[in-house]
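Here the structure comes first, spelled out in structure tokens, and everything after it is commentary.
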Amino acid sequence: MANYTIHIPEELYNRMKKHPEIKWSEILRQGIKEYLDILEFKYEMKSSELLSKLKVDLSKIPDELAIDFAIKSRS
């Protein structure tokens with residue numbers, strides 16, 4: 001397993017020290033994994049895969065709503 005060093009504010013570190021029963025490295029690992037899962041889902045899943053998973057009937061979505069959503073999702 002690789003090591004990665006992070007810097008955290010002193011105040012946050014002091015709060016963490018109050019909970020020695022918590023394995024903070026595991027919390028960080030889980031948080032990083034969840035964040036990466038979201039990024040990969042958002043940027044790597046093709047539209048057709050997403051629609052098939054969601055079982056969306058595009059014919060029921062008004063054109064104006066679809067266009068507005070597409071414009072907002074690009075920014």
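Between LYS72 and HIS7, residue separation times 0.36 nm minus the direct Cα-Cα distance comes to 20.0 nm.
Split the chain at each of the trypsin sites (Lys or Arg not before Pro) in a DSSP loop with at most 12 other beta carbon atoms within 10 Å, and the longest piece is 24-45. Computed extension length for LEU54-LYS17: 9.0 nm, one decimal, from 0.36 nm per residue of separation with the Cα-Cα distance subtracted. The gain in end-to-end length when the GLN30 to GLU64 segment is fully stretched comes to 8.3 nm, 0.36 nm per residue minus the alpha carbon separation. Calculated translational diffusion coefficient of the chain (37 °C, 0.692 mPa s; Stokes-Einstein with Kirkwood radius over alpha-carbon pairs) equals 198 µm²/s. By the beta-carbon count within 10 Å of each Cβ, the least crowded to most crowded order of ASP63, ASP37, fewest first, is ASP63, ASP37.
Only the coordinates and a few stated rules stand behind these numbers; no lab work does. Fair warning: this is a prediction, and the values are worked out from it, not measured in the lab. Positions of Cβ are backbone-derived with ideal geometry, glycine not excepted, and every protein chain shown enters the neighbour counts.
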